[in-house]
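Below you'll find the structure, written out as structure tokens, and then a few comments.
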Amino acid sequence: MQPRVVIIGAGIVGTALADEITARGWTDVTVTDRGPLFRTGGSTSHAPGLVFQTNPSKTMAELARYTVEKFSGLGAFDTVGGLEVATTPERWTDLHRRHGWATSWGIPSRLLDPEECARLHPLLDRERILGGFHTPTDGLALAVRAAEKQAQRAIDRGARFLGYCEVVDIVHREGRVRGVHTADGQDLPADIVISAAGFWGAELGRRVGLTVPLVPMAHQFAKTVQVPALDGEERLPILRHQDADLYYRTYGDRIGIGYYGHTPRPVDMDNLLRDTAGEPMPSMLPFIESEFEPAWAESVRLLPALGDSKIDEGFDGIFSFTPDGGPILGEHRDLDGFWVAEAVWVTHSAGVARAVAEWIVTGTPDIDLHEADLHRFEDAARSPEFIRRTSVQAFVEVYDILHPHQYRTEPRNVRTSPFHPRQCELEAYFFEGALWERPAWYEANAGLMEELAADGVEFPPRDDWSSRFHSQISIAEAKWTRTHVALYDMTPLTRYEVSGPGALGFLQELTTNDIAKKPGAVTYTLLLDARGGIRSDLTVARLGGQLFQVGANGPLDFDWFTRRLPGDGSVTLRDITGGTCCVGVWGPQARELVQPLCADDLSHKAFGYFKALRTYLGSIPVTMLRVSYVGELGWEIYTTAEYGAALWDLLWAAGREYRAIAAGRIAFNSLRLEKGYRSWGTDMTTEHTPDMAGLGFAVRMNKHSFLGKRALEAADPPARLLRSIVLDDPHAVVLGKEPVSVDGTPAGYVTSAGYSATIGRTIAYAWLPASVQPGDRVEIAYLTQVFGATVHTEPVVDPDMSLIRR
Ligand code: FAD
Ligand code: THG
């Protein structure tokens, strides 16, 4: 029998979901909305519908691309093109970066001089602008029409839509959703309930114990009276003036103006529901005119013809903001069948609905959704405090120029390793990641630069953009790791303990490599989805017959494992990250440093590569893994939190003789790129199979079975491969997501990059057609420049493993 589906909300997301789910053959679909159909009073009802597809996220760009394609087919899209203008040199440079993203993700675009901008949008004062970024396939979504059309397609396949039908309760039993209860007393039974309730979603989630990390925020939108310079026939592109937090569209001979520059105004839902009870547009708040004054003044400066016009009407509309700007998609972990699809713009709505429908119906989304997954947030990031502060910040930064390495400035010092006080003494410069304080480099190492420079190590100057969130000290730290020995804080590396009689079978079934080895073995292995796409890469250390330590990539791995735990209690999964800590001791002198502290034999013969040992360093109980993401001799050394400071001090004291240093994340990243180690989520995602990502060596196709195996058996040879590229110019630096051209034609994009102290050049990883071979020439567009580079064999450093296996 077909599953019965109830969708809460008939906005652009709920209607698109009904269409996409019924299109996949599940036709028992009921959509309910508290408001009237289809101008429901939600955010969609008054969305001006601007669709700019370009986004730093490839996933978001793809979701938008599908929306444009679909709405165009429905006659609900006006392809007027998009234009973003720069009024500052910084913005003009940044538009080059946006042009790069568009090129990387396959969105047609061009950079224009002021003259060309004014030709496209004659109201622009060309003296005010330095240039523009034009995207001809962008345009205006007719949001309510698109909702209605998609609903109609669903209705034609058997779906029903109920207006004025508010869901007041989610009915569930034994961990499964059973239906919903409505304000007018109906019980709508369901096997699957999807909350597509827009900014109401957090309230609904709370009723079933689910944190939906979104904050409803007010955003100003106003329309002018008639603008004399317009005759209403023009088809002007949608326009962004990000330097002043503004965007524009036309309505015939009037102009609509959206503004993000006002004071952030999170909406208190309790008050809102009380104040707007019974009102047709609960998502529209009264216009605060004084807040809009700077927007109007700036608009007249940019578009002088507005001086002959004035604001006719305005409102403060409500929609969702999230801590990282991404949507919130996925299934409740503790309530099977309860899904959410919220914090979605009109721009991404059809793409989101398609991906979520695919996910619900087939079990696996067909595009990478890790940046949109409900379960991507760390525990602390699900606190009301964090959600509110960071979502407000996301509103403030909506049009800001954000550096790829920019980290949160608040909240800070939420998660610190036991080594933190020592790191402060060494003048660590901390980046924030997953709420952890992570040393990026240590000012205490500044003196090494001179010493290394005397030995011929280069510290090439960088351009202004790539110098941000960077220090040349990191080059010294990387070099020192390859020539001496360094301590790296690996505490933020997510780790789990998997134990019990079913543990081995559980891990064997979920991962690609063979982990049925003797206790003391460590295995590098992959989690695949049913389509054979890479969900994560892990290290699995077998510490005992029924005891494993798993090194993972983050909360999504925990979610993946938790959902698949056998129901019989034969496997116990524990996240031990917070209660433990880890220091990586790596470099040619690592063994000399550590051996005197340990009664066990740490020689290569006794303690080989990819082996684990539980032992003591001094009086401290430790687990040592002979694993090195930086590709050097040495160990990850784990202990529980209470021993952390003592462990650091012990190693530090022992390291004095060898001039050991503490080294940071930038050196770490540079060294792993030299060694060819991939970073999940950046270099590869579920959109890539192991063979594409160069990780086929971690798959044992002769293993009895594992999740994703069948898909791999059926897979075509990869059409694209992850390649290492070395830039020609020692001064050239790229940061990630830049387009890569072959023979002058865009052919791929950079995933991650770092300056290599070993070869004195930047190494970048990039997705390229399989036909592109080592030795081939490519070009990388970086802001206003183009860099030549050569595809390199992998890895660039230590291909014969002589450094790491000694
Ligand atoms: P909604 O349209 O809000 O739909 C949710 C529905 O759920 C509502 O109809 C509501 O009545 C219903 N509902 C809630 N609770 C219940 C319940 N308990 N029972 C039954 N029904 C319930 N996006 C763009 O892409 N481009 C833009 O240019 C743009 N401009 C914007 C300008 C403004 C002023 C605003 C406010 C938003 C703008 N947005 C824009 C954002 C966009 O409008 C929203 O992100 C999008 O419409 C959200 O769609 P939705 O279907 O998730 O939510
Ligand atoms: N340490 C531990 N666990 C981890 C990471 C880590 N889990 C998540 C993430 N990092 C996984 N990434 C890698 C990538 C490469 C390697 C280890 C973890 C690695 N690869 C060897 C190679 O390719 O030569 C594997 C060799 C082999 O299979 O024998 O070392 O940093 N604990």
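The values are calculated or read from the model by the stated rules, or taken from the named source; none is laboratory data. On a predicted model such as this, the values are computed, not experimentally measured, just so you know. In this analysis, Cβ positions are derived from the backbone assuming ideal geometry, glycine residues included, and neighbour counts consider all displayed protein chains. Remember, those area values only see protein heavy atoms, side chains included, never the ligands or the DNA or RNA. Shrake-Rupley method; radii C 1.70, N 1.55, O 1.52, S 1.80 Å.
Computed values, structure above
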| quantity | calculated |
| --- | --- |
| Test: SER741 is of a type in the set (S, T, N, Q), in a strand (DSSP E or B) and open to solvent by less than 20 Å² (accessible area, probe 1.4 Å) | no |
| Candidate set from the range 539-592 (those that are over 29 Å from TRP648 (Cα atoms), under 22 Å from the mean Cα position of the chain (by Cα) and open to solvent by less than 50 Å² (accessible area, probe 1.4 Å)); member that is farthest from ligand 1 (Cβ to nearest atom) | PHE561 |
| Enumeration of residues in the range 27-67 that are among the hydrophobic types (A, V, I, L, M, F, W, C) and farther than 27 Å from VAL193 by Cα | LEU50, VAL51, PHE52, ALA61 |
| Any hit, the range 96-111, residues being part of a loop (DSSP other than H, G, I, E, B), more than 30 Å from GLY736 (Cα to Cα) and in contact (Cβ under 8 Å) with a residue 24 or more places away in the chain | no |
| Selected residue (only one of GLU84, GLU90 is modelled with pLDDT of 95 or more, in a strand (DSSP E or B) and within 25 Å of THR784 (Cα to Cα)) | GLU84 |
| Unmet criterion (only one of (1) over 27 Å from the mean Cα position of the chain (by Cα); (2) crowded, with 20+ Cβ neighbours inside 10 Å; (3) under 17 Å from ASP575 (Cα atoms)) for ILE515 | (3) |
| Spans of strands (runs of 3 or more DSSP E) in the range 619-732 with at least 1 residues open to solvent by 50 Å² or more (accessible area, probe 1.4 Å) and under 25 Å from GLU437 (Cβ atoms) | 634-640 |
| Selected residue (criterion: surrounded by the most Cβ atoms within 10 Å (Cβ to Cβ)) from residues of the range 262-282 that are touching a Leu at 6+ places or on another chain (Cβ under 9 Å) and in contact (Cβ under 8 Å) with a residue 24 or more places away in the chain | PRO282 |
| Matching residues, the range 166-186, being away from ligand 1 (no atom under 14 Å from the Cβ), in contact with a Gly (Cβ under 6 Å, 6 or more places away or on another chain) and open to solvent by 50 Å² or more (accessible area, probe 1.4 Å) | ARG176 |
| Residue within the range 46-61 that is more than 24 Å from GLY363 (Cα to Cα), hydroxyl-bearing (Ser, Thr, Tyr), at pLDDT 95 or above and over 27 Å from the mean Cα position of the chain (by Cα) present | no |
| Only one of PHE506, PHE469 that is hydrophobic (A, V, I, L, M, F, W, C) and more than 27 Å from the chain's Cα centre (by Cα) | PHE506 |
| Residue count for the range 751-806, restricted to those that are in contact with a Gly (Cβ under 8 Å, 6 or more places away or on another chain) and among the hydroxyl-bearing types (Ser, Thr, Tyr) | 5 |
| Of all residues making up the range 394-423, the number that are outside any loop (DSSP other than H, G, I, E, B) and in contact with a strand residue (DSSP E or B) (Cβ under 9 Å, 6 or more places away or on another chain) | 6 |
| Sole residue being small (Gly, Ala, Ser) and more than 15 Å from ligand 1 (Cβ to nearest atom), chosen from GLY75, GLY35, GLY11 | GLY75 |
| Test: residue in the range 445-460 that is out of contact with any strand residue (DSSP E or B) (no Cβ under 7 Å at 6 or more places or on another chain), assigned to a helix (DSSP H, G or I) and within 26 Å of TYR643 (Cβ to Cβ) | no |
| Selection count, the range 301-314, where residues are crowded, with 16+ Cβ neighbours inside 10 Å and either at pLDDT below 95 or part of a helix (DSSP H, G or I) (or both) | 3 |
| Some residue of the range 141-158 being under 18 Å from GLN242 (Cβ atoms), of a type outside the set (Lys, Arg) and touching a residue at least 60 places away in the same chain (Cβ under 8 Å) | no |
| Enumeration of residues in the range 497-532 that are among the small types (Gly, Ala, Ser), within 16 Å of ligand 2 (Cβ to nearest atom) and touching a strand residue (DSSP E or B) at 6+ places or on another chain (Cβ under 7 Å) | GLY520, ALA521 |
| Single match in PRO48, PRO36 (criterion: part of a loop (DSSP other than H, G, I, E, B), in contact with a Pro (Cβ under 9 Å, 6 or more places away or on another chain) and surrounded by fewer than 21 Cβ atoms within 10 Å (Cβ to Cβ)) | PRO36 |
| All positions within the range 522-538 that are open to solvent by 10 Å² or more (accessible area, probe 1.4 Å) and small (Gly, Ala, Ser) | ALA530 |
| Filter pass, ASP537 being in contact with a Lys or Arg (Cβ under 9 Å, 6 or more places away or on another chain), in a strand (DSSP E or B) and among the charged types (D, E, K, R) | yes |
| Members of the range 200-213 that are near ligand 1 (Cβ under 10 Å from one of its atoms) and in contact with a strand residue (DSSP E or B) (Cβ under 7 Å, 6 or more places away or on another chain) | GLY201, LEU204, ARG207 |
| Residue within the range 289-299 that is touching a helix residue (DSSP H, G or I) at 6+ places or on another chain (Cβ under 6 Å), assigned to a strand (DSSP E or B) and more than 10 Å from ligand 1 (Cβ to nearest atom) present | no |
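Okay, residues lined up against (1) buried (at least 19 other Cβ atoms within 10 Å of the Cβ); (2) within 14 Å of ligand 1 (Cβ to nearest atom):
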| residue | (1), (2) |
| --- | --- |
| TRP26 | yes, no |
| GLY41 | yes, yes |
| ALA61 | yes, yes |
| VAL68 | yes, yes |
| GLY81 | yes, no |
| THR88 | no, no |
